[in-house]
1. Just to be sure I understand: with springs between alpha-carbon atoms less than 10 Å apart, which residue in Val78, Val63, Val48 has the highest mean-square fluctuation in the Gaussian network model of the chain?
2. How big is the antiparallel share of DSSP beta bridges in region 1-104, given as a percent to the nearest 5?
3. Quick one: 3J(HN,Hα) in Hz for region 93-104, Karplus 6.51/-1.76/1.60 with θ = phi - 60°, rounded, Gly and Pro as x.
4. Would you mind working out the accessible area per residue for the chain, using a 1.4 Å probe, and quoting it in Å²?
5. Kindly write out, for region 6-17 in residue order, the coupling ³J(HN,Hα) from the Karplus curve 6.51 cos²θ - 1.76 cosθ + 1.60 (θ = phi - 60°), rounded to whole Hz, with x marking Gly and Pro.
6. Determine the sum of side-chain charges near Trp105: Lys and Arg each +1, Asp and Glu each -1, restricted to other residues whose C-beta is under 11 angstrom from that of Trp105.
7. When only C-alpha pairs under 8 Å and at least 6 residues apart count, what is the relative contact order of the chain, in percent?
8. In nm, to one decimal, how far is the Arg45 label point from the Ser114 one, both placed 7 Å along Cα→Cβ?
Amino acid sequence: QVQLVESGGGLVQAGGSLRLSCAASGSSSSITAMGWYRQAPGKQRELVASITSGGDTNYADSVKGRFTISRDNAKKTVYLQMNSLKPEDTAVYYCNAPIGALQVWGQGTQVTVSS
């Protein structure tokens with residue numbers, strides 16, 4: 001069984017930066033791709049960025065050029081560096097790892113960007 005624990009959220013002013021971390025534990029050797037999703041109040045959860053085990057990345061258009069996803073396989077951790085934050089980036093951010101037919105989620109971390 002795999003567990004994902006996020007950290008690094010908080011309150012920041014527009015234009016600021018935050019770095020989110022997601023640490024995997026348990027049977028984490030079964031993890032290949034990992035991703036970050038977010039859900040704002042009243043909106044559906046959306047993919048922000050993903051990264052494969054080989055390091056290939058994918059980003060939502062809304063964050064391209066501002067966010068960077070990376071992973072440290074030795075530490076079983078995936079990161080999301082968020083720069084030039086905007087109020088519309090305010091959401092709960094979730095770490096995700098698809099394992100077979102299952103979707104494993106972290107508990108989420110709140111990111112609030114003030115204008």
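The values are calculated or read from the model by the stated rules, or taken from the named source; none is laboratory data. What you see is a predicted model, and the numbers here were worked out from it, not measured in a lab. Every residue, glycine as well, gets a Cβ built from its backbone with ideal geometry; the counts of neighbours run over all protein chains shown. For the accessible areas, the whole protein counts, side chains as well, though only heavy atoms, and no ligand, DNA or RNA atoms are used. Shrake-Rupley method; radii C 1.70, N 1.55, O 1.52, S 1.80 Å.
1. Of Val78, Val63, Val48, the Gaussian network model singles out Val63 as fluctuating most.
2. Percentage antiparallel, nearest 5: 100.
3. 9, 10, 8, 9, 9, x, 10, x, 8, 9, 10, 9
4. Here the residues of the chain average 52 Å² of exposed surface.
5. With the stated coefficients, region 6-17 comes to 8, 7, x, x, x, 9, 9, 7, 3, x, x, 10 Hz.
6. With Lys, Arg at +1 and Asp, Glu at -1, the net is 0.
7. Once divided by the residue count of the chain, the mean separation gives 37 percent.
8. Going from the Arg45 label point to the Ser114 one covers 2.9 nm.
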